[in-house]
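Trainee: To start, I am sharing the structure in question, which I have written as structure tokens.
The values are calculated or read from the model by the stated rules, or taken from the named source; none is laboratory data. What you see is a predicted model, and the numbers here were worked out from it, not measured in a lab. Neighbour counts run over all protein chains shown; Cβ positions are idealised from the backbone, glycine included. Surface accessibility is based on the protein's heavy atoms, side chains included, excluding ligands, DNA and RNA. Shrake-Rupley method; radii C 1.70, N 1.55, O 1.52, S 1.80 Å.
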Amino acid sequence: MNQMLQYKPEELEKLKGYITAKEIIQQPRLWKETYDIINKNKENIKSFLNKVLANKQLRIILTGAGSSAFVGECVAPFLSKKLEKTVEAIPTTDIVSNPKNYLYKDIPTLLISYARSGNSPESVGTVDLAENLIKDLYQVVVTCNPNGKLAQKSSSDDKKLLISMPKDSNDRGFAMTGSFTTMVLASLLLFDTDNLDSIESHINNLVSNGEKILKEEIERLKEISLNNFNRAVYLGSSSLKGLARESALKMVELTRGKITTSYDSPLGFRHGPKSILNDNTLVVVYLSNDKYTRGYEIDLLKEMSKEKNDTKVVAISHYLDKKVEDLVDYTICINEDKIKIIDDTYLIFNYILTAQIFSFYKSIELGISPDDPSPDGIVNRVVKGVTIYPYK
């Protein structure tokens, strides 16, 4: 490996960015490995979930902390539509502090927990609370650490299913990268095991598009990062709003808060949050492939293009769109052609790759170490100092 994100390995070691760079660029491989894991275990997964989903009263909760919580926010809209059930994304950080508001004793519940390490106090605490408070509880644990506390708690029980992500998805760097994208992908595939053969071609497209971004869009992303901005706004609709939230977190994490970030939907942004715009703001808009949804997003781009300020606008699109290019300062295009995808949720993998690279470059430009942006310990890779109190 001669270069990673245009840096030699020895340069990255000095910048303390080697681990993060390596973990960003290995993601296309991890997506294929994630598909293989689900495909290999599809009969066991199908048997477990078919039994659970047969309950018409079933409630489904997707939970995690930080980026792991945003996994749920990204996939909940798609799963609600596919399963024709209400799927709720509720962070563990909300559940542990107010369990009675979220965990209902007499409603059968499927709790899907996401965790990189599986050792955060809130993740373990949420499982303990759910087991104590819900009469009929089923669990799926999706984790990147088969040796973590959450994984250990989910073994040897016919009402629990453990899904371990590829070994290299257990990021060693501070910011979640491959752990986030593999858990999102696993969530989509878990509930689509009957169609894995036809989905494989879509996964292969994700992989080839990811590799294309890493080869052809690096220079453009670096150029964008060099703009003089201290505020970054990320906008996306439905599943892409969860992506926008994760993108905002990546920027604020890797720049140690030197870049103030926010996220919203393109329509929601107009209702007050748009006040954040000034000459030092950069706006990233994740464009939907859905024609109806995209119309609202383009309306916002038209509005911002007419405003008299020096806000820089970046559009991330799955396909070439001349109408969009004429309205923004920068366009990152994943495909040259409008290739059909299963759902907007499948845009997340290539879109977040651009956000991770962009944040990585901004971190280095600001003189911050991407692998350890908070050496003073104000925030940590696995949260510290959280006490889980007994609940009666």
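Trainee: Going through segment 127-140 one residue at a time, which ones are closer than 21 Å to Met165 by Cα and in a helix (DSSP H, G or I)?
Mentor: Listed by number, the list holds a single entry, Val127.
Trainee: Here's another thing I want to ask about it. Going by the structure shown, is Asn209 polar (S, T, N, Q) and either without any contact (Cβ under 8 Å) to a residue 24 or more places away in the chain or open to solvent by 60 Å² or more (accessible area, probe 1.4 Å) (or both)?
Mentor: no
Trainee: For segment 350-365, state whether one or more residues are open to solvent by less than 30 Å² (accessible area, probe 1.4 Å) and either over 30 Å from Ile19 (Cβ atoms) or outside any helix (DSSP H, G or I) (or both).
Mentor: no
Trainee: Taking Ala186 as the residue in question, decide whether it is modelled with pLDDT of 95 or more, of a type in the set (Gly, Ala, Ser) and closer than 15 Å to Lys362 by Cα.
Mentor: Working: modelled with pLDDT of 95 or more: yes; of a type in the set (Gly, Ala, Ser): yes; closer than 15 Å to Lys362 by Cα: no.
Against the criterion (modelled with pLDDT of 95 or more, of a type in the set (Gly, Ala, Ser) and closer than 15 Å to Lys362 by Cα), Ala186 does not qualify.
Trainee: Please verify whether Asp158 is among the acidic types (Asp, Glu), touching a helix residue (DSSP H, G or I) at 6+ places or on another chain (Cβ under 9 Å), more than 19 Å from Leu243 (Cβ to Cβ) and not in a loop (DSSP other than H, G, I, E, B), treating the condition exactly as stated. So that I can check it myself, show each step before the final result.
Mentor: Details: among the acidic types (Asp, Glu): yes; touching a helix residue (DSSP H, G or I) at 6+ places or on another chain (Cβ under 9 Å): yes; more than 19 Å from Leu243 (Cβ to Cβ): yes; not in a loop (DSSP other than H, G, I, E, B): no.
The answer is no for Asp158.
Trainee: Another question, if that's okay. Of the residues Val124, Val141, which is at pLDDT 95 or above, open to solvent by less than 40 Å² (accessible area, probe 1.4 Å) and either over 27 Å from Pro373 (Cβ atoms) or within 23 Å of the chain's Cα centre (by Cα) (or both)?
Mentor: Every option except Val141 fails the conditions.
Trainee: Quick check, is Thr34 surrounded by fewer than 16 Cβ atoms within 10 Å (Cβ to Cβ) and under 23 Å from the mean Cα position of the chain (by Cα)?
Mentor: no
Trainee: Sticking with this structure for a sec: For segment 49-61, state whether one or more residues are over 24 Å from Leu196 (Cβ atoms) and among the aliphatic types (A, V, I, L, M).
Mentor: For segment 49-61, residues over 24 Å from Leu196 (Cβ atoms) and among the aliphatic types (A, V, I, L, M): present.
Trainee: Now for a separate question. Quick test for you: out of Ser262, Ser317, pick the one residue that is at pLDDT 95 or above, in contact with a strand residue (DSSP E or B) (Cβ under 7 Å, 6 or more places away or on another chain), among the small types (Gly, Ala, Ser) and open to solvent by 30 Å² or more (accessible area, probe 1.4 Å).
Mentor: Numbers: Ser317 fails: open to solvent by 30 Å² or more (accessible area, probe 1.4 Å).
On inspection, the qualifying residue turns out to be Ser262.
Trainee: Could you tell me whether Ser123 is part of a helix (DSSP H, G or I), among the small types (Gly, Ala, Ser) and either under 26 Å from Phe349 (Cα atoms) or in contact with an Asp or Glu (Cβ under 8 Å, 6 or more places away or on another chain) (or both)? If you could, list the steps in order and put the result at the bottom.
Mentor: On the way: part of a helix (DSSP H, G or I): yes; among the small types (Gly, Ala, Ser): yes; either under 26 Å from Phe349 (Cα atoms) or in contact with an Asp or Glu (Cβ under 8 Å, 6 or more places away or on another chain) (or both): yes.
When the stated conditions are applied, Ser123 passes them.
Trainee: Please verify whether Asp337 is open to solvent by 60 Å² or more (accessible area, probe 1.4 Å), in a loop (DSSP other than H, G, I, E, B) and farther than 18 Å from Ile224 by Cβ, treating the condition exactly as stated.
Mentor: Numbers: open to solvent by 60 Å² or more (accessible area, probe 1.4 Å): yes; in a loop (DSSP other than H, G, I, E, B): yes; farther than 18 Å from Ile224 by Cβ: yes.
In short, yes.
Trainee: Also, quick follow-up: Any idea which of (1) open to solvent by less than 70 Å² (accessible area, probe 1.4 Å); (2) within 23 Å of the chain's Cα centre (by Cα); (3) of a type outside the set (A, V, I, L, M, F, W, C) is the one Lys46 doesn't satisfy?
Mentor: The single condition Lys46 does not satisfy is (2).
Trainee: Among the basic types (Lys, Arg), touching a residue at least 24 places away in the same chain (Cβ under 8 Å) and open to solvent by less than 20 Å² (accessible area, probe 1.4 Å): is that true of Arg59 in this structure? Spell out the reasoning first.
Mentor: Details: among the basic types (Lys, Arg): yes; touching a residue at least 24 places away in the same chain (Cβ under 8 Å): yes; open to solvent by less than 20 Å² (accessible area, probe 1.4 Å): no.
Judged against the criteria, Arg59 is not a match.
Trainee: Same structure, new question: Could you tell me how many of the residues in segment 1-17 are open to solvent by 60 Å² or more (accessible area, probe 1.4 Å) and under 25 Å from the mean Cα position of the chain (by Cα)?
Mentor: Count: 2.
Trainee: State yes or no: is Pro375 open to solvent by less than 20 Å² (accessible area, probe 1.4 Å), assigned to a loop (DSSP other than H, G, I, E, B) and of a type outside the set (Gly, Ala, Ser)?
Mentor: On the way: open to solvent by less than 20 Å² (accessible area, probe 1.4 Å): no; assigned to a loop (DSSP other than H, G, I, E, B): yes; of a type outside the set (Gly, Ala, Ser): yes.
For Pro375, the condition - open to solvent by less than 20 Å² (accessible area, probe 1.4 Å), assigned to a loop (DSSP other than H, G, I, E, B) and of a type outside the set (Gly, Ala, Ser) - is not met.
Trainee: For Val284, indicate whether it is closer than 21 Å to Glu365 by Cβ, in a helix (DSSP H, G or I) and under 16 Å from the mean Cα position of the chain (by Cα).
Mentor: The answer is no for Val284.
Trainee: Also, I was wondering about something else. Consider Lys274 carefully, then state whether it is touching a Lys or Arg at 6+ places or on another chain (Cβ under 9 Å) and surrounded by fewer than 24 Cβ atoms within 10 Å (Cβ to Cβ).
Mentor: Values: touching a Lys or Arg at 6+ places or on another chain (Cβ under 9 Å): no; surrounded by fewer than 24 Cβ atoms within 10 Å (Cβ to Cβ): yes.
Considered against the rule, which asks whether it is touching a Lys or Arg at 6+ places or on another chain (Cβ under 9 Å) and surrounded by fewer than 24 Cβ atoms within 10 Å (Cβ to Cβ), Lys274 comes out as no.
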